[in-house]
Amino acid sequence: MVIRRIIALAVNLTGYTRFLRYLKKTNRPAADQERSMLTALLNGRKNVRLVRNPLAATPILIGILRPLIIIPDINFSEKQLKNILLHELVHLKRFDIGVKWLTMIAASLYWFNPLIYFIKREINHACELSCDEAVIKNLNAEEKQAYGDALILAAAENKYPLGVLQATMSEEKETLKERLVTIMKYTKKSKAITLMSTVLLVAVIGAAVMLAKISRTILAPIIASPVITPK
């Protein structure tokens, strides 16, 4: 069991390393005005970099110590770019990359539990909805529409490789409709719903961990017991 967990963790880390090398070869500096916009949004923080990449499927944030925002090498309007950067900076502020590391490690340790993959997916989705809420909370209807347009533009059919630890603006088209509806119907009351969802998510994670421990406790004696064959 321990060896399988190590293998699962190694596979994820290898996928992450390969993905970084894959992008690094084709990263190119963002335009001066794009970097200036990022600097203005950072409010004094200077360790966040911005690059363009033709291979990037959607805008993404990677890295903890040296955060890097990668945007696709396509034309964005000023409003679209601002919304994209605001979204990724909320991910950075809320340490979502660290959350993704924790979920990856949990999925590696409990790879045999199907529930952990459901939890991992729901955590990723909750992170995106939470970032959407943070960006749109002070926007009017027209600005919300512009933000929704940025989501549509960022949506991609592409799936990033296994083990990639990044925060995307729009990871799957399947969840895009829900996010757009949430944006247009957003009210401040939705904060309570978000808080309740977070508490429920933590409870589910705890239950999954306990279930895995109980399963090991029950199965360990059975696995360890000698097999008696009839003579």
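The values are calculated or read from the model by the stated rules, or taken from the named source; none is laboratory data. Since this is a predicted model, take the numbers as computed values, not measurements. With ideal geometry, Cβ positions are generated from the backbone for all residues, glycine too; neighbour counts draw on all protein chains shown.
Quick notes on this one:
- Residue match in the range 76-98 (condition: within 23 Å of Ile7 (Cα to Cα) and either surrounded by fewer than 18 Cβ atoms within 10 Å (Cβ to Cβ) or more than 15 Å from the chain's Cα centre (by Cα) (or both)): yes
- Residues satisfying the stated conditions in the range 50-75, i.e. among the hydrophobic types (A, V, I, L, M, F, W, C), surrounded by fewer than 19 Cβ atoms within 10 Å (Cβ to Cβ) and under 30 Å from Glu142 (Cβ atoms): Ala57, Ile74
- Tally of residues being outside any helix (DSSP H, G or I) and without any contact (Cβ under 8 Å) to a residue 24 or more places away in the chain across the range 15-34: 3
- Complete set of residues in the range 101-141 that are free of Cβ contacts under 8 Å to residues at least 24 places away in the same chain, surrounded by fewer than 18 Cβ atoms within 10 Å (Cβ to Cβ) and under 16 Å from the mean Cα position of the chain (by Cα): Leu102, Tyr117, Phe118, Lys120, Arg121
- Subset tally (residues that are in a helix (DSSP H, G or I) and either of a type in the set (Phe, Trp, Tyr) or in contact with a strand residue (DSSP E or B) (Cβ under 7 Å, 6 or more places away or on another chain) (or both)) for the range 87-99: 5
- In the range 35-73, of all residues being in a loop (DSSP other than H, G, I, E, B) and small (Gly, Ala, Ser), the one that is nearest to the chain's Cα centre (by Cα) corresponds to Gly63.
- Test: residue in the range 143-154 that is assigned to a loop (DSSP other than H, G, I, E, B), farther than 16 Å from His91 by Cα and modelled with pLDDT under 80: no
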